[in-house]
Each structure stands twice: as C-alpha cells, then as structure tokens.
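What follows is a short report on a single structure.
The values are calculated or read from the model by the stated rules, or taken from the named source; none is laboratory data. Worth saying up front: this structure is predicted, and the values here are computed from it rather than measured. Every residue, glycine as well, gets a Cβ built from its backbone with ideal geometry; the counts of neighbours run over all protein chains shown.
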Amino acid sequence: MSDPMRPRVRNAGGTAFRGERGMPAETRPPGDGLVSGQDADALLGRTARGDERAFEALYDVVAAPVHGLARRVVRDPAMAEEVTQEVMIEVWRSAARYDPERGGAMAWIMTIAHRRAVDRVRREQAAGEREARAVHHGTGAAHDPVGERVEARLEHERVRRCLRTLTHLQRESVTLAYYGGHSYREVAELVGAPPNTVRTRMRDGIIRLRDCLGVER
Amino acid sequence: MTDDLHTLAGAYALDAIDDDVERRRFEAHLAGCETCATELREFQATTARLGLAVAEAPPPRLRDRVLADIRDVRQLPPVSPRRAEVRPRRWRRTVAAGLAAAACLVTAASVGVAVHERQRVDQAQAAYQEVAFVLSAPDARSATGRAGGGGTVTIVASASRGRVVVASAGLRTLPSSKAYQLWLINADGPRSAGFLPDDRSRPVVAGAWRPVDRLGVTVEPAGGSARPTTTPIVLISAT
C-alpha cells in the first residue's frame, strides 16, 4: 500500500472521494504534536475559566487537527466544517470538565472530535444519505494531495513510519476505523476477517503504535 | 477482566463499537478497572496522534463563526477532579451497575437527535452533563428496586450534589392518561420529584435529594398529583 494512512478499501459503501478535489489553499502544517500539546493544556485551563482570548488561541492551535480529522472521516467539506464547529463549541462548553490527570488536552479534544465525526457518519448512514451518495470507486486513488502536502511534515512522517511497523491486518483495522469511521464489524466485513480477530488486531495495532510513537505511559 | 472486554479497548479508542449494549458493557467495566482506564487513556493519546497527522486548516470564516457562537454558550461547571482517587473501591462496584444503566440511557437519549437541531443536541448534552454531575460525585450511591408489575428502577444519589438520578427499565406501559410520578419520601411525608419521561429510556435527575429520602414511584393521572394516590410500585433507599 502506498500510504498506510490511506485505507485501501475505505470507500466501500462510503462517500468515495468527495473530499479529494479542490483542497483549500490554506492547508497549514499540523505543527509538532508536543509543542501544540503543551500550548493546548495551558490554553484549555484558561478557557475553563471563561477566558475568550485563550479560547481564541486554543482554536488556532487545535482547529486544523480537528478539521483535518473531521474531513478525513466525514469527507464532505460542509459536514466537516459543521463537525469542527460543533467540536470547538463543545470544547468551550466542557473545558472545566477536562481533567489533566486523565491525559493531555490535545488528546481530549481529538477524542471529542473523532467521536463527533464518527457519530455524524453513523447518523448519515442511518439516514441512508451516505449510501445514496456513494459512488463506487476502485482501490486506486493513490494520488492524495493532502497526504503529499503534509507528507514532509514531522508528525505525519512519524505516524506514517510507525503505521508501517504494524502488520497488514493491524494497520488496516486501525486506519479503516480511525480514518474511515468504520465499526470493527464493518472493518471485519471489509477485510474479510472475523470480528473478534479485527478487534484484537485493533488493540495490538494501537499498542504497537503507542510504543513506536513513544506515547507517555 | 474477561478477555472479551479486554480486547474491546482498541475498538473503543477508535470509536469502532457501534453496538450500544457492547459499548455500555465496556464503559461499565472501565468504571471499576483502573488499569483498563489507564490503558484507554494511552490508547486515546495514541489515536489522537493519528488525527494530528492529517491536520488541515478549516476556512477562516469558521473561526469567526465559532468565536461568535461561544458568546451565547454557557460553560459547564467543573466536576470534582481526582474522583478516581477519593472514590472508595466498594463504591465503584456498587455504582457501576447504576452508571452503566444511566450511561446506556444517556446514549439512548442522544441517539436519533436530528443533526441540524442544535438546540436539541444542546438539551441532550445538558441532560447528559446533569446526569454525569451526579454520577461523578465521590459520595454517589446506587440502588435498584424491582417494581411490582415488572421492571426495575435504579437510582444513583449523591448527598453532596443534592440530586438523584432515576432510570427505569421494563416498566409496564401506561395509558396516555397515566404517568409514573416520582416522590422523595421521608418522615415529613412525600414530595413530588417529577415524572419518569415518556421516553422511558431517558434517565431523569431530581433535585433536593437528602440522604434521609427514599425514592418512590406511583402511577398517577398524567398531570400528576399533589400527593400519591396509589401505592408505590417501588420504594428505594440509597443508603
């Protein structure tokens, strides 16, 4: 597979490659995860005390990761924007509920973002809209403007490298779920493996990623 | 922990469990398993990195919209931090069932909320936060009572929060002219604490709860009664 972050069979029954065309020109570097992580911790603390300027600065740190993730998962640019907006408002609302002892601010925000994006996809699926829009594409589409744009960047490169250390099934299980917004049962369908195997591979894959990325334990 | 639940941690961190029952089982398990909670935090920090790697700035107009929006959004109060540390072990087990029940109901409550109905989303979230506010109290206690006529009523009560969360399952369906009314009952007599919602899957939070109070449920005319007019189908004490 040319890019481990681009799940090969992602578009099975999905919205295909709606998001690939016309990338916005203002795509900006994700920045170094650690630096923005520390920024985010401090800014979220101030946001919790109602500091709107801190929230503004927090927005500048986290909006691109949140939006990029939403874009990956929901694909539709307008929906991705809505999800980003919802997530940022939720961050403002719940800032005081964030507990630094339970992980970094960035992880907290990205967890909210992913959940929102996936909820959105599942609701769309339930509403049948996603199927109605689905275009059946092959597994080609190796060309990835976003990927190429950020490829040289540090975080992208690290994650890419670490994803390569996973077995094929681990990698597919993790990326189809995370970037594709698929449930483990759907992933099992897509890769033709038993659901129990897939969920085990998801856990093993994340453990391997965690160790490779040096996520604090 | 069972292997079964253990292997779900990865799928959970990836939001890849679409079966509500299964997700609730895992969440209930988390509430009582410190090592699992730690593992999940590491997993979430790991998956966050997958997200950071695909960052892509949103259009500038979104920034203005969000900054304008938050002026109209009230921030939630904090919940007690370090609750995992102060929470006695025994409590965790007792409340796990209640937590699972309530979490499940909360999930059910937020499912099916129309996407564009911002207000309803906010209401569901507010309800969720209110429930979480009680469940997260260090002194939260849970108890379940079996109702005469079938079904169960579970309460999670906190003296420090002064509130009780009431959730039910499997209660007999009432005609539209009737409702399940809640009562807080102590030596001074009963006080009305509202109703179980028509959408029986939703937990409700009743205020002004004190440790001396028991929770009773009676069948009343749909508009409610000033005092119970029937025998409680269930009476639960949280202490």
| remark: Residue count, the range B:152-188, condition at pLDDT below 85 and at positive phi, comes to 1
| small (Gly, Ala, Ser), touching a Ser or Thr at 6+ places or on another chain (Cβ under 6 Å) and assigned to a strand (DSSP E or B): does that describe B:SER168? | no
| query | In the range A:110-120, which residues are more than 7 Å from every other protein chain (Cβ to nearest Cβ) and under 11 Å from the mean Cα position of the chain (by Cα)? | reply | A:ILE112, A:ARG116, A:ALA117
| request: Specify which of the listed residues (B:ALA147, B:ALA193, B:ALA187, B:ALA169) is closer than 24 Å to B:SER136 by Cα, surrounded by fewer than 22 Cβ atoms within 10 Å (Cβ to Cβ), aliphatic (A, V, I, L, M) and touching a residue at least 12 places away in the same chain (Cβ under 8 Å). | output: B:ALA169
| note | Counted residues in the range B:225-239 being under 14 Å from B:ARG191 (Cβ atoms) and surrounded by 13 or more Cβ atoms within 10 Å (Cβ to Cβ) come to 3
| task | Take the range A:168-200 and flag every residue that is facing another protein chain (nearest Cβ under 9 Å), in a helix (DSSP H, G or I) and closer than 19 Å to A:HIS114 by Cβ. | result | A:SER173, A:VAL174, A:THR175, A:LEU176, A:ALA177, A:TYR178, A:TYR184, A:ARG185, A:GLU186, A:VAL187, A:VAL198, A:ARG199
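When you go through A:GLY103, A:GLY50 one by one, which is the residue that is touching a Lys or Arg at 6+ places or on another chain (Cβ under 6 Å), facing another protein chain (nearest Cβ under 9 Å) and small (Gly, Ala, Ser)?
Values: A:GLY50 fails: touching a Lys or Arg at 6+ places or on another chain (Cβ under 6 Å).
Sole residue among the options that is touching a Lys or Arg at 6+ places or on another chain (Cβ under 6 Å), facing another protein chain (nearest Cβ under 9 Å) and small (Gly, Ala, Ser): A:GLY103.
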| request: Just need a number here: residues in the range A:105-120 that are surrounded by fewer than 24 Cβ atoms within 10 Å (Cβ to Cβ) and within 18 Å of A:ASP60 (Cβ to Cβ). | output: 1
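Considering only residues that are in contact (Cβ under 8 Å) with a residue 40 or more places away in the chain and of a type in the set (Gly, Ala, Ser), look in the range A:84-100 and name the one that is farthest from the other protein chains (Cβ to nearest Cβ). Please lay out each step first, then the result.
Just the residues of the range A:84-100 that are in contact (Cβ under 8 Å) with a residue 40 or more places away in the chain, to begin with: A:91-92, A:95-96, A:98, A:100.
Keeping just the survivors that are of a type in the set (Gly, Ala, Ser) gives A:95-96.
Values: A:ALA95: 6, A:ALA96: 4 Å.
Residue satisfying both the conditions and the ranking: A:ALA95.
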| message | List pairs: first residue in the range A:158-181 and in contact (Cβ under 8 Å) with a residue 24 or more places away in the chain, second residue basic (Lys, Arg) and in a loop (DSSP other than H, G, I, E, B) anywhere in the structure, Cβ distance under 6 angstrom, at least six positions apart or on different chains. | response | A:GLY180/A:ARG10
